[in-house]
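Worksheet: one structure, shown below.
The values are calculated or read from the model by the stated rules, or taken from the named source; none is laboratory data. Because the structure is predicted, anything quoted here is derived from the model rather than measured. Quick reminder, even Gly has a Cβ in these numbers, built from the backbone with ideal geometry, and neighbours come from all protein chains shown.
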Amino acid sequence: MLYLEHTIIDTQEGLCNQLMSVFRTIGEALFYRGIGFDSCVILSKAYTRTSINFDSPPYFTEIPIDLFVDMTDLTNVLNSINIQLIRSRAEIVSPCQGIIECWRPPLRDMTELEHRILGQFIAHHFPIAKRALSLAHFIVQVISAVCPKWEAIHYRVERDLLVMIPPEVLDLHRNNQMESTLSTIHHNKDLSAIYLACGLQEPEYDHVVKQIKQHYPHLEVFNKKQVLKGFPEIEFQFNQLTLEEQALVDWVVCQTAPSFSGWYNSSFSYLAAYIRHYRGVNPTTTKLSPETTGIWDLWFPRI
């Protein structure tokens, strides 16, 4: 048996960086199973932020991988193609031909066919944890019921970015995000609402909405918390989620929204576009800016 282990090198990575590692692990299992190896995936743990703006360390804490992935469904999906799934090395019982640690980057040169097989498998068969999935679908249904045409926009300006960039760069990034959002609205004349996929706290979020409303006063602007306010029981369920699960709700909304736009350099935006691509969503409804070819296109190309 050959074991493919999901490996977290940096324990301060957000949701979609972690998911990329999970997807890579599954991709390697698909490859080795395809060339005749008995293969087994090891998925053990995940991490979540402890605060939106990294108010005090530690910034991340360990959580079960089950909060991201429906492990029962994934076990069944993988077993159907003769791949096993376990949670730790302690469960290894078969004669071991080796353990391959998998992170986000490709471990070898991959053909276009291999990339496409992985993308289609993830887009059509990878089971998101049901708690986050059901909340995301509920949000999509509520917005779609009242807004004939809406778009999800990933708005990534939270102050946790200050651990990577200085304040002046974050200010520039905020300006760029606002300009990009206003441009998206301008070029989508029939838009009746936008959904901001973000983790901004209320005062910061209200400031962003105010800026948008100055230009488009009749546009409806939603985020996940606003949508759920009218449904106390569901809002309570949402508030029990970890911050990374809340981000997972946003991410699924972005995958399934009628249209989506986001920042290319963000793994969250890129991976949402990746899923939409391999689900065959009309490419004109997915926009990443600025248009560029970078590391994500090499690691997880949309072929």
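Identify all residues within segment 68-96 that are loosely packed, with under 13 Cβ neighbours inside 10 Å and either at positive phi or touching an Asp or Glu at 6+ places or on another chain (Cβ under 8 Å) (or both); write none if there are none. Within segment 68-96, Asn82, Arg89, Ser94 meet the criteria.
Any chance segment 202-221 includes a residue that's modelled with pLDDT of 95 or more and touching a Phe, Trp or Tyr at 6+ places or on another chain (Cβ under 7 Å)? No - not one qualifying residue is present in segment 202-221.
Considering only residues that are polar (S, T, N, Q) and not in a loop (DSSP other than H, G, I, E, B), which ones fall in segment 1-38? Result: Asn17, Gln18, Ser21, Thr25.
Residues in segment 120-156 that are among the charged types (D, E, K, R) and out of contact with any Cys (no Cβ under 9 Å at 6 or more places or on another chain): Lys130, Arg131, Lys149, Glu151. Counting only residues that are assigned to a loop (DSSP other than H, G, I, E, B) and over 17 Å from Phe260 (Cα atoms), segment 154-186 holds 5 of them. Is one or more of the residues making up segment 57-66 among the hydroxyl-bearing types (Ser, Thr, Tyr), surrounded by 15 or more Cβ atoms within 10 Å (Cβ to Cβ) and either touching a helix residue (DSSP H, G or I) at 6+ places or on another chain (Cβ under 9 Å) or on the phi > 0 side of the Ramachandran plot (or both)? Within segment 57-66, one or more residues are among the hydroxyl-bearing types (Ser, Thr, Tyr), surrounded by 15 or more Cβ atoms within 10 Å (Cβ to Cβ) and either touching a helix residue (DSSP H, G or I) at 6+ places or on another chain (Cβ under 9 Å) or on the phi > 0 side of the Ramachandran plot (or both).
Residues in segment 19-67 that are β-branched (Val, Ile, Thr) and out of contact with any Ser or Thr (no Cβ under 9 Å at 6 or more places or on another chain): Val22, Ile26, Ile35, Ile52. Checking each residue in segment 247-259 for being crowded, with 21+ Cβ neighbours inside 10 Å, in contact with a Phe, Trp or Tyr (Cβ under 9 Å, 6 or more places away or on another chain) and either not small (Gly, Ala, Ser) or not assigned by TED's automatic domain parsing to the domain that holds His173 (or both) picks out Leu248, Val249, Asp250, Trp251, Val253, Cys254.
Residues of segment 208-224 that are exposed (fewer than 15 other Cβ atoms within 10 Å of the Cβ) and assigned to a helix (DSSP H, G or I): Lys210, Gln211, Lys213, Gln214, His215. The residue that is surrounded by the most Cβ atoms within 10 Å (Cβ to Cβ), among those in segment 39-53 that are part of a strand (DSSP E or B) and not basic (Lys, Arg), is Ala46.
Among the residues of segment 92-125, which ones are of a type in the set (Gly, Ala, Ser) and within 26 Å of Gly14 (Cβ to Cβ)? Correct list: Gly119, Ala123.
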